[in-house]
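Visitor: Next up is a structure, given as structure tokens.
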Amino acid sequence: MSSESTLTPTEYIGHHLTNFTAQTGQGSFWTLHVDSVVMALVMGVLGIGFLWLATRGATAGVPGRRQAFVELVFGFIDDQVKGIFHGDRHSFVAPAALTVFVWVLLMNAMDFLPVDIMAWIYEHVFHLHNWRQVPTADVNTTFALALSVWFLMIYFSIKVKGVGGFIHELFCAPFGGHPLLWPANLLFNLVEYISKPLSHSLRLYGNMYAGEIIFLLLWLWAATGLAGTVFGAILGAGWAIFHILIVVLQAFIFMMLTVVYLAMAHESH
Amino acid sequence: MNINLTLVAQAVSFAIFIWFTVKFVWPPMLRAIEQRQKQIADGLAAAEQGRTALERSNREAEGVISEARGRATDILAQAEKRGIQLIEEAKAAARAEADRERAAAKAELEQEISQARESLREQVAALAVAGAERILKREVDARVHAAMLSDLQKEL
């Protein structure tokens with residue numbers, strides 16, 4: 001919230017959805033969403049750092065509480081990857097899946113922090129007027145992850161099948177190798193290659209963005225009077241509880257799709 | 001929603017985090033877990049081995065005990081038999097000793113009886129001779145009639 005005493009709903013929502021930006025050059029592309037990058041880095045360092053700390057003292061004997069927890073997560077991811085990817089998963093795919101899951105989960109979980117209290121803290125402690133705290137509600141973040149996975153997909157596809165095999169698959173799969181079918185195959189594959197990163201990133205972005213908006217609408221209602229406060233609080237609690245499911249589920253789906261895409265890149269047709 | 005430099009920055013962060021996890025987080029964790037799995041498997045195998053060894057030694061001990069029990073019974077029976085035999089032997093020896101002593105006593109008795117009879121006969125003979133002497137007074141010369149008297153003595 002800004003310092004003005006009256007705020008229209010549009011201004012309120014607009015304020016919460018405005019990034020803290022830094023301009024690094026001419027043109028809109030050279031804008032940097034500092035809040036998304038910083039929050040993502042903080043979450044990544046926290047999450048991966050926690051895992052790293054647990055592995056530092058990792059023992060094959062009786063594990064401590066922290067190690068047992070990390071091993072639980074480790075085993076969960078390893079099981080999921082084992083079911084989808086049949087290859088040497090330990091060299092890249094499984095650790096990548098662990099990174100994606102932990103990082104996305106923590107970034108999504110930023111949605112649990114109450115926006116207006118956090119806005120006050122950002123405003124008065126850090127002197128940041130605009131600060132969006134959920135990096136995955138920024139399409140740049142989800143797109144960055146999905147595009148990275150997309151490039152990894154193409155990299156592994158070429159690595160496993162060779163450049164010739166990759167181009168062969170573009171023209172000859174999934175319908176067949178007949179020259180008349182080449183255009184259809186190519187079109188199909190292009191649509192697939194375009195749709196994969198789009199659906200991958202927009203699913204996560206849409207869910208987190210919508211969650212944020214619903215919270216904002218509920219808090220708008222809560223500011224309208226006693227009834228609004230009561231119902232806003234009840235519905236807000238309900239939505240927050242439901243949001244626990246969404247946060248974990250979306251992190252899980254994003255991780256699973258990453259594994260599936262990378263596994264598909266390893267398979268020859 | 002506008003795509004901008006943030007995307008590149010986030011992709012770089014993502015790459016760094018993945019690299020870090022691949023390099024420093026996953027391998028030690030995997031090593032620890034696999035090592036523990038191996039330890040547990042080894043432990044279970046050792047326990048199984050120990051169980052079978054215990055079973056085997058229990059069986060062996062049972063065999064040894066039953067053998068010892070059998071031998072003890074044998075020894076007991078033998079000892080009992082030997083005891084009875086000893087008693088029988090002792091009894092037989094005692095009986096033989098008693099018989100022997102009884103026979104000796106009997107022989108002594110008989111000897112004494114015959115001695116007594118002999119001395120009685122002598123005395124009777126002497127009495128008879130004395131009686132006859134008294135009857136015949138001087139007529140009977142002991143020296144002359146000694147042969148006759150000793151014959152008479154023998155007949156009595």
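The values are calculated or read from the model by the stated rules, or taken from the named source; none is laboratory data. Since the model is a prediction, treat every value here as computed from it, not as a measurement. Every residue, glycine among them, receives a Cβ derived from its backbone with ideal geometry; neighbour counts consider all protein chains shown. Keep in mind that these areas ignore ligands, DNA and RNA; they rest on the heavy atoms of the full protein, side chains included. Shrake-Rupley method; radii C 1.70, N 1.55, O 1.52, S 1.80 Å.
Visitor: Would you please name the residue that is nearest to the other protein chains (Cβ to nearest Cβ), looking only at residues in the range A:68-90 that are surrounded by 12 or more Cβ atoms within 10 Å (Cβ to Cβ) and part of a loop (DSSP other than H, G, I, E, B)?
Guide: Across the range A:68-90, the extreme among qualifying residues is A:H90.
Visitor: If you don't mind, another one. Can we say B:Q49 is open to solvent by 40 Å² or more (accessible area, probe 1.4 Å) and either under 14 Å from A:L98 (Cα atoms) or within 7 Å of chain A (Cβ to nearest Cβ) (or both)?
Guide: no
Visitor: Could you say which residue among A:F215, A:F231 is out of contact with any Gly (no Cβ under 9 Å at 6 or more places or on another chain) and modelled with pLDDT under 95?
Guide: A:F231
Visitor: Which of the residues spanning the range B:6-41 are facing chain A (nearest Cβ under 7 Å), over 15 Å from A:L41 (Cβ atoms) and of a type in the set (A, V, I, L, M)?
Guide: B:V22, B:V25, B:M29, B:L30, B:A32, B:I33
Visitor: A further question on this structure: Could you go through the range B:117-124 and let me know if any residue there is β-branched (V, I, T), part of a helix (DSSP H, G or I) and open to solvent by 100 Å² or more (accessible area, probe 1.4 Å). Full working, then the answer.
Guide: Initially, the range B:117-124 is screened for residues β-branched (V, I, T), giving B:124.
From the residues that got through so far, the ones that are part of a helix (DSSP H, G or I) too are B:124.
Restricting the remaining residues to those that are open to solvent by 100 Å² or more (accessible area, probe 1.4 Å) gives none.
No, the range B:117-124 contains no residue that is β-branched (V, I, T), part of a helix (DSSP H, G or I) and open to solvent by 100 Å² or more (accessible area, probe 1.4 Å).
Visitor: Hey, another quick one. Which one is most open to solvent (accessible area, probe 1.4 Å) among residues in the range A:29-60 that are facing another protein chain (nearest Cβ under 7 Å) and not in a helix (DSSP H, G or I)? Write out each step before concluding.
Guide: Our first condition is that a residue be facing another protein chain (nearest Cβ under 7 Å); within the range A:29-60, this holds for A:29-33, A:36-37, A:40-41, A:44, A:48, A:51-52, A:55, A:58-60.
Then drop every residue that is not not in a helix (DSSP H, G or I), which leaves A:31-33, A:58-60.
Working: A:T31: 18, A:L32: 37, A:H33: 11, A:A58: 33, A:T59: 54, A:A60: 13 Å².
Selected residue: A:T59.
Visitor: Kindly provide the set of residues from the range A:13-57 that are hydroxyl-bearing (S, T, Y) and at pLDDT below 85, ordered by number.
Guide: A:T18, A:T21, A:T24, A:S28
Visitor: A:H15 fails exactly one of the following numbered conditions: (1) more than 10 Å from chain B (Cβ to nearest Cβ); (2) surrounded by fewer than 15 Cβ atoms within 10 Å (Cβ to Cβ); (3) part of a helix (DSSP H, G or I). What is the number of that condition?
Guide: (2)
Visitor: Can you run down the residue pairs with Cβ atoms below 6 Å, 6 or more apart or on separate chains, where the first is in the range B:133-156 and surrounded by 10 or more Cβ atoms within 10 Å (Cβ to Cβ) and the partner is modelled with pLDDT under 75?
Guide: B:E133/B:V140
Visitor: Does the range A:100-110 contain at least one residue that is free of Cβ contacts under 8 Å to residues at least 12 places away in the same chain and within 12 Å of another protein chain (Cβ to nearest Cβ)?
Guide: Taking every residue of the range A:100-110 in turn, none turns out to be free of Cβ contacts under 8 Å to residues at least 12 places away in the same chain and within 12 Å of another protein chain (Cβ to nearest Cβ).
Visitor: Out of curiosity, is B:L44 in a helix (DSSP H, G or I), more than 14 Å from every other protein chain (Cβ to nearest Cβ) and open to solvent by 90 Å² or more (accessible area, probe 1.4 Å)?
Guide: Yes; evaluated as a whole, the condition is true for this residue.
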